[in-house]
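J.: Below are the structure tokens for one structure; questions will follow.
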Amino acid sequence: MHVTHARRRIRSGMQKSFLAVIVALVVVSAFAGYFMYFRPGGGGGETTTTQSNSPISTSTNAPGTPATTTTTTQGSSGREKKVLRVGIGIDADTLFPISGTTTTVYNIMRLMYEPLFRVDENGKIRPLLAESYNVSKDGLVYTVKLRKGIRFQDGTPFNATAVKFTFDKIMDPKMVCPSRADFAALKEVRVVDEYTVQFVLKYPYAPFLTVLAGGTASIISPTSFKKLGDKVFTTPYGLGTGPYEFEKWVRGQKIVLKKNPDYWGKKAYFDEVVFYVVPDPQTREAKRLSGELDMILQPPSADIQRLEKTKHVVVQKVLSTRVMFIGINTQWGPLKDKRVRQALNYAVDKNALIKDVLFGLAGPMDSVLPNFALGHVKLPPYSYNPEKAKELLKEAGYPNGFKVTIYTPVGRYLFDKEVAQAIGQYLRNIGLQVEVRPVADWPTYVHMLLAPKNQTKLELFLVGWAPSVPDPHNYLYQRFHSSQMPPHGFNFVFYNNSEVDKLLDEGVRETDPAVRAKIYENVSRILWDDAPNIYLYLQYFVVVHSDRLQGVKLLPYEMFDISDASFKS
Amino acid sequence: MEVLRYLLRESKTGMAGLAIILAFISMALLANLIAPYDPMNAVLGDARQPPSPQHPLGTDELGRDLLSRIIYGARTTFLIAVSSTFTAFAVGTALGILSGYLRGAVDAAVNGGTQILLSLPGIVIAIIFVALWGPSLVNLIIAIAIGFIPVYIKLMRAATLQVMSMEYIQAAKMLGLSNLKIMVRHVLPNVLPVGIAQLSTDVGFAILTASGLGFLGLGLDPSIPEWGAMIGSAKNYIFVAPHIIIEVGAVIALSAIGFSLLGNALRDYIDPKRR
């Protein structure tokens with residue numbers, strides 16, 4: 001008994017000293033933190049940043065990443081080999097364009113494969129493998145003339161047969177194609193002659209050309225496809241026409257592409273492009289700063305302003321296709337009243353949200369559609385005006401506000417939880433009683449969004465929308481057509497307006513872009529005024545690269561273009 | 001009173017723990033009097049300000065006054081921590097005494113359940129519970145409580161077994177008192193001190209568990225100040241505004257230490273060898 005007693009004393013003594021150590025540690029680290037942070041010149045300054053980051057990057061050196069910090073290595077020919085090293089957050093799921101799902105991966109595939117058309121940085125559709133096209137009056141037949149003299153990387157000539165082969169695969173139900181719904185209107189592809197194909201549609205579908213310009217519609221070589229079999233997903237040697245071809249994929253580590261020496265267009269500048277998988281944004285940032293990577297996608301958002309001030313670092317951003325908004329359940333209580341919905345739009349200071357919560361990584365929405373989409377029209381803004389908002393609430397019969405819940409996902413969008421809280425505060429400022437409910441699990445959140453009208457819990461909720469095809473139809477139809485209420489579509493604001501329905505139906509059939517633009521301008525005006533959303537902002541897509549690298553272009557659909565890129569000598 | 005006298009005389013660390021806890025509790029109770037700002041009021045233009053005369057501890061990521069949030073946060077945080085440990089204490093004590101007193105099938109069943117709960121870390125149990133039934137104050141309290149129950153069962157069962165060998169229990173049995181009466185009148189008072197000592201240590205752990213859940217995004221409305229959720233949100237701003245995570249972290253550590261110190265002192269006080 002005496003022994004246990006003594007032991008207990010000792011143990012308790014040890015605990016006490018352990019606690020003392022903890023207290024000391026906490027106090028010391030708190031002081032250290034304060035000191036670093038408030039020191040004149042600031043611990044957050046640029047020079048200290050770079051220095052303190054480099055040891056981190058060497059210690060987190062993952063297998064498969066190069067230990068050298070030089071970009072150019074001596075090739076066997078004696079000439080300097082130009083290698084572009086890009087850091088990405090996720091590994092590829094597949095390298096076969098028809099089966100692709102993810103924008104980041106399409107950024108890789110974009111270098112290997114080419115579709116008939118491509119959307120440029122201004123949203124214009126430009127022929128790529130196509131030379132020209134015309135659409136029949138009824139909007140059902142798209143005749144496309146192909147560019148001549150192109151060969152796939154495996155040597156197979158590019159022609160109408162290859163195009164038909166590709167689209168037959170897209171429509172083949174046995175082939176994995178998650179974006180097949182985009183091609184639902186396609187009935188068949190006809191080979192007219194060696195360099196002419198016809199796409200025959202089941203019904204007029206105006207976004208079809210944009211669909212043809214998407215990564216999924218990249219043309220593949222029938223020869224290599226047959227030879228590779230199941231390997232098309234993982235080792236697609238010679239399958240595309242692009243400026244770079246597949247060389248190697250080390251799972252979870254890197255994907256290596258090499259220059260296609262026989263490319264039909266402007267020859268590639270880099271001998272190799274290597275995509276390194278670095279999941280943690282902070283590590284990606286550190287590797288860029290230490291020179292291990294030339295370029296990274298999606299750096300840690302809160303650090304971007306700091307990176308912009310860092311020497312030898314170039315931060316490029318472009319408004320992406322992702323529109324962010326607060327969905328308003330237009331069939332719920334006070335939110336049925338248009339004046340209340342407008343009041344909510346006036347109550348939120350979008351510019352402050354962007355500046356102070358999103359670190360400037362977004363641009364305000366000036367319409368229902370993003371500015372590069374067909375039919376975009378600048379509309380009178382809902383400028384921040386809490387007084388007007390209160391007035392509108394009073395007019396609608398809610399002078400003392402009402403109780404409302406804002407749902408938000410966590411970590412799905414840039415600063416989603418923070419944005420929802422800030423909006424909650426803005427609504428409290430005009431007299432509403434607001435609860436913010438974060439839903440950490442994304443599938444649960446989607447499930448909530450897609451609940452039918454009689455089961456939905458939604459009142460206000462934060463959502464983003466980035467259609468795989470950046471056409472106004474794809475932005476608006478599923479979100480606002482009355483036939484698309486859950487569970488049939490994504491009209492989770494339960495918006496029901498026969499005029500909008502009619503215009504959206506016309507918009508998808510009309511093939512003359514000018515007429516279409518007018519239709520979507522009209523839809524935008526109605527939706528803007530009716531306010532079934534609190535219109536917020538477009539997120540930026542951000543790339544950080546070394547100042548040695550020049551000519552990198554960003555495209556709004558979260559893509560980068562290196563066709564004009566090179567190293568400064 | 002006797003406890004207090006003991007603490008004053010014998011245990012400086014225990015007194016320190018008590019002082020820390022009392023300070024936090026009075027801070028929580030007087031929050032509406034002492035907090036300089038509305039803890040929920042986000043002023044975006046003031047976001048991530050370092051400490052200044054206007055905001056002694058600076059502002060958080062949405063421009064809310066951090067001092068006010070820490071003061072009000074004590075309410076939610078302590079409410080969760082104290083209720084969950086007391087729930088666990090109550091349930092665990094009842095089950096522990098039952099199983100130690102009745103033995104046999106009841107004992108086997110309770111022991112089996114305890115083993116299952118013990119095989120999972122408390123935070124995992126809490127995550128599963130909150131994921132299944134959603135985050136609300138009550139659910140959060142129950143979730144954390146479940147993780148703490150097995151300790152009390154084990155503790156109370158062992159104490160009960162010890163008490164059962166005492167002569168006064170035998171006497172009570174011979175007098176023909178009902179089992180319930182014996183358990184409540186004679187076993188409970190004799191095993192309670194053991195549990196109380198454990199209780200005050202566990203409050204500290206419960207604060208950390210609640211913080212962990214808040215950190216994982218399984219907590220409540222993030223506008224409502226709660227220390228764990230606050231530290232979870234602050235981690236994204238560790239380079240831009242390190243003062244947030246440092247201050248909230250220090251407060252959580254301090255309160256956990258306070259409960260821990262008091263718990264240790266109480267254990268020493270209750271220790272029968274001392275008397």
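The values are calculated or read from the model by the stated rules, or taken from the named source; none is laboratory data. Everything numeric here is computed off the predicted structure, so don't read it as measured data. All Cβ positions, even for glycine, are placed from backbone atoms using ideal geometry, and neighbour counts span all protein chains on display.
J.: If you take the residues in segment B:89-136 that are within 14 Å of chain A (Cβ to nearest Cβ) and β-branched (Val, Ile, Thr), which one is nearest to residue B:205 (Cα to Cα)?
T.: B:127
J.: Do we have any residue at all in segment A:326-346 that's closer than 28 Å to residue A:521 by Cβ, buried (at least 21 other Cβ atoms within 10 Å of the Cβ) and within 14 Å of another protein chain (Cβ to nearest Cβ)?
T.: no
J.: Select from segment A:395-412 the residues that are in a loop (DSSP other than H, G, I, E, B) and within 13 Å of chain B (Cβ to nearest Cβ) and write down the one among them that is nearest to residue A:463 (Cα to Cα).
T.: Checking each candidate, the answer is A:412.
J.: If you don't mind, there's one more thing I want to ask. Keeping to segment A:475-490, report how many residues are over 17 Å from residue A:203 (Cβ atoms), among the hydroxyl-bearing types (Ser, Thr, Tyr) and free of Cβ contacts under 8 Å to residues at least 60 places away in the same chain.
T.: 1
J.: While we're here: Within segment A:283-295, which residues are within 23 Å of residue A:354 (Cβ to Cβ) and more than 13 Å from chain B (Cβ to nearest Cβ)?
T.: none
J.: If I ask for residues that are among the hydroxyl-bearing types (Ser, Thr, Tyr) and surrounded by 22 or more Cβ atoms within 10 Å (Cβ to Cβ), which ones from segment B:36-70 would you list?
T.: B:59, B:68
J.: Are there any pairs with C-beta distances below 9 angstrom linking a residue in segment A:491-518 that is closer than 17 Å to residue A:203 by Cβ to a residue that is among the aliphatic types (A, V, I, L, M) and surrounded by fewer than 15 Cβ atoms within 10 Å (Cβ to Cβ), with the two at least 6 apart or on different chains, and if so which?
T.: If the second residue must be among the aliphatic types (A, V, I, L, M) and surrounded by fewer than 15 Cβ atoms within 10 Å (Cβ to Cβ), the pairs left are A:506/A:515.
J.: Which members of segment A:131-182 meet the condition of being under 21 Å from residue A:210 (Cα atoms), touching a Phe, Trp or Tyr at 6+ places or on another chain (Cβ under 8 Å), among the small types (Gly, Ala, Ser) and touching a residue at least 40 places away in the same chain (Cβ under 8 Å)?
T.: Matches in segment A:131-182: A:139, A:162.
J.: Could you pull out the residue among B:85, B:76 that is outside any loop (DSSP other than H, G, I, E, B), at pLDDT 90 or above and touching a Pro at 6+ places or on another chain (Cβ under 7 Å)?
T.: Within the list B:85, B:76, the selection yields B:76.
J.: Please indicate, with yes or no, whether at least one residue in segment A:110-133 is part of a helix (DSSP H, G or I) and more than 23 Å from residue A:246 (Cβ to Cβ).
T.: Checked segment A:110-133: no residue is part of a helix (DSSP H, G or I) and more than 23 Å from residue A:246 (Cβ to Cβ).
J.: I would also like to ask the following. If we only count helices (runs of 4 or more DSSP H) wholly inside segment B:159-275, which ones have 2 or more residues that are within 14 Å of chain A (Cβ to nearest Cβ), surrounded by fewer than 24 Cβ atoms within 10 Å (Cβ to Cβ) and without any contact (Cβ under 8 Å) to a residue 24 or more places away in the chain?
T.: Passing ranges, in order: B:242-270.
J.: Return only the number of the condition from (1) farther than 17 Å from residue B:232 by Cβ; (2) within 13 Å of chain A (Cβ to nearest Cβ); (3) in contact (Cβ under 8 Å) with a residue 60 or more places away in the chain that residue B:61 does not satisfy.
T.: Here residue B:61 meets the rest and fails (1).
J.: Further, regarding this structure: Considering only helices (runs of 4 or more DSSP H) fully contained in segment A:425-538, which possess at least 2 residues that are surrounded by 24 or more Cβ atoms within 10 Å (Cβ to Cβ) and touching a Phe, Trp or Tyr at 6+ places or on another chain (Cβ under 9 Å)?
T.: In segment A:425-538, the matching helices (runs of 4 or more DSSP H) lie at A:472-480, A:498-509, A:513-530.
J.: Let me ask something else. Take the residues of segment B:19-58 that are assigned to a loop (DSSP other than H, G, I, E, B) and polar (S, T, N, Q): which is farthest from the other protein chains (Cβ to nearest Cβ)?
T.: B:54
J.: If you go through segment A:395-405 one residue at a time, how many are more than 36 Å from the chain's Cα centre (by Cα) and aliphatic (A, V, I, L, M)?
T.: Here the count works out to 1.
J.: Here's another thing I want to ask about it. Search segment A:423-441 for residues that are more than 8 Å from every other protein chain (Cβ to nearest Cβ) and closer than 21 Å to residue B:136 by Cα and pair each with any residue that is assigned to a helix (DSSP H, G or I) and aromatic (Phe, Trp, Tyr) when their beta-carbon atoms are under 7 Å apart and the residues are at least 6 apart or on different chains.
T.: From residues that are more than 8 Å from every other protein chain (Cβ to nearest Cβ) and closer than 21 Å to residue B:136 by Cα, the pairs are A:439/A:445.
J.: While we're here: Scan segment B:96-106 for residues that are in a helix (DSSP H, G or I) and farther than 16 Å from residue B:186 by Cα and jot them down.
T.: Scanning segment B:96-106 gives B:104, B:105, B:106.
J.: Among the residues of segment A:463-497, write down those that are among the polar types (S, T, N, Q) and under 18 Å from residue A:407 (Cβ atoms).
T.: Within segment A:463-497, A:491 is the sole residue that qualifies.
J.: Could you check segment A:261-278 and list, in sequence order, the residues that are within 27 Å of the chain's Cα centre (by Cα) and surrounded by fewer than 18 Cβ atoms within 10 Å (Cβ to Cβ)?
T.: Answer for segment A:261-278, where residues must be within 27 Å of the chain's Cα centre (by Cα) and surrounded by fewer than 18 Cβ atoms within 10 Å (Cβ to Cβ): just A:269.
J.: Read through the list (1) crowded, with 20+ Cβ neighbours inside 10 Å; (2) in contact with a His (Cβ under 8 Å, 6 or more places away or on another chain), then give the number of the only condition that residue A:314 fails.
T.: Just one mismatch for residue A:314, condition (1).
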